[in-house]
Structures are given as structure tokens and as C-alpha cells.
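Working notes for the structure below.
The values are calculated or read from the model by the stated rules, or taken from the named source; none is laboratory data. Everything quoted here is computed from the prediction, not taken from an experiment. For neighbour counting, all protein chains shown are included, and Cβ atoms are generated from backbone atoms with ideal geometry for every residue, glycine included. For accessibility, only protein heavy atoms count, side chains too; no ligands or nucleic acids. Shrake-Rupley method; radii C 1.70, N 1.55, O 1.52, S 1.80 Å.
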Amino acid sequence: MKAAGLISDNINSFLDEQGKCSVMLTGGRSAARLYKAWSDLPAFQQMTGVSFYFGDERCVPPDHAESNYGMAMQILFPNGVPTGCAVFRMEAEATDQEAAALRYADLLPDSIDVILLGVGEDGHIASLFPNNASLQERKLRVIPITGPKPPFKRLTITPQVIAKERSVFMLATRSARAAML
């Protein structure tokens, strides 16, 4: 998958420039294919100084089949997180989702160097669904949301996080998703 090489090159540019890189991961089937190709690149396990975050998470335990974190750990990091890198998980399964959203917002850097966003067939990115009030959020960086499809309860970044990115990759691998994009 060509996207894996492009993303890897972009991350390496940030590492060369500033010695570190923040990357926001996405979920979904498109991401799973990307993560498999990316983790197979020889340079992937050799990178250091990368902090990985998540754009959204379903309110399920990290080992649940619908967990973005669980999928990333299985497919992107099957051999473990590369030495010198870190993964910051959204604790979306917490009973107090508002507190979990605030805790995660506190972990995020002021801006993310590389954001990966998948496009759903309905046009959503992260868990920002079309015509949802969350699109108008201007104060909070991470919020709980109820989406239109299961699992309904989720945590998601808000548009202000996306607006501060330094580099964004939109994944739209099926024709319906590409048309939506």
C-alpha cells in the first residue's frame, strides 16, 4: 500500500526536523490494511521518538473487537511498540466518559504532526458525524459523543484538534467513501 510509505516518509521528515513526531491514529477497516502494510516496512520497527495518539475510540474495553486501540496493537504493533516510541490510549470504557475525555485532552500536544483520518461511508471522520452538534465544539479538544451506529458511545477529538494538524492523511479506500470525500 503506497500510503504506508508516504506516511512513513512524512513521519521521518518530522523526526529529521525536530527529533520527535506525534501521530494520531484512526480506526476502521481501511486503517487495518494501512497498519499491516506500515508495520511490514523495514523502517517501522527502527523508528524512535514517535508518540501515537487516537482520534477516537468506541466506549469498549481495549481488548474488544471494536476497539481502535486493540486493532492498532494487534495489527500495527504485533511485535510491540518500537523502542523509544509511546502509545497513548483513550480510556473510553471508563464509567465517567466526560472525565476520560478531559484526561485524554490533557495528554494531547498542542498540535499533532501527522493525523490519519478515515472517512466513513456516511462521511464521518474520527467520530465526528455529519450534522452532529459536536462539529460546533470550540472549547473542548476531546468529547464524549453518541454516534448513529453501534457501538454508539464514543470519545472523539473535536474539529479544533484537526484544525491544528501539521500534516493530514485522509483514508478513503472504497468507492463509496472516496465519493463521499
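Is at least one residue of region 28-47 touching a Pro at 6+ places or on another chain (Cβ under 6 Å) and either within 18 Å of ALA172 (Cβ to Cβ) or open to solvent by 30 Å² or more (accessible area, probe 1.4 Å) (or both)? Within region 28-47, one or more residues are touching a Pro at 6+ places or on another chain (Cβ under 6 Å) and either within 18 Å of ALA172 (Cβ to Cβ) or open to solvent by 30 Å² or more (accessible area, probe 1.4 Å) (or both). For region 131-179, taking the residues that are among the polar types (S, T, N, Q), open to solvent by 20 Å² or more (accessible area, probe 1.4 Å) and not in a strand (DSSP E or B), the one that is modelled with the lowest pLDDT is identified as SER175.
Please specify each residue of region 98-108 satisfying the condition of being farther than 14 Å from ALA163 by Cβ and touching a strand residue (DSSP E or B) at 6+ places or on another chain (Cβ under 8 Å).
GLU98, ALA100, ALA101, LEU102, TYR104, ALA105, LEU107 - these are the residues of region 98-108 that are farther than 14 Å from ALA163 by Cβ and touching a strand residue (DSSP E or B) at 6+ places or on another chain (Cβ under 8 Å).
Just name the residue that is nearest to LEU41 (Cα to Cα) out of those in region 62-72 that are buried (at least 18 other Cβ atoms within 10 Å of the Cβ) and not hydroxyl-bearing (Ser, Thr, Tyr). Once the filter is applied, the top-ranked residue is ALA72. Only residues that are more than 21 Å from GLY28 (Cα to Cα), open to solvent by 40 Å² or more (accessible area, probe 1.4 Å) and free of Cβ contacts under 8 Å to residues at least 40 places away in the same chain were counted in region 83-130, giving 6.
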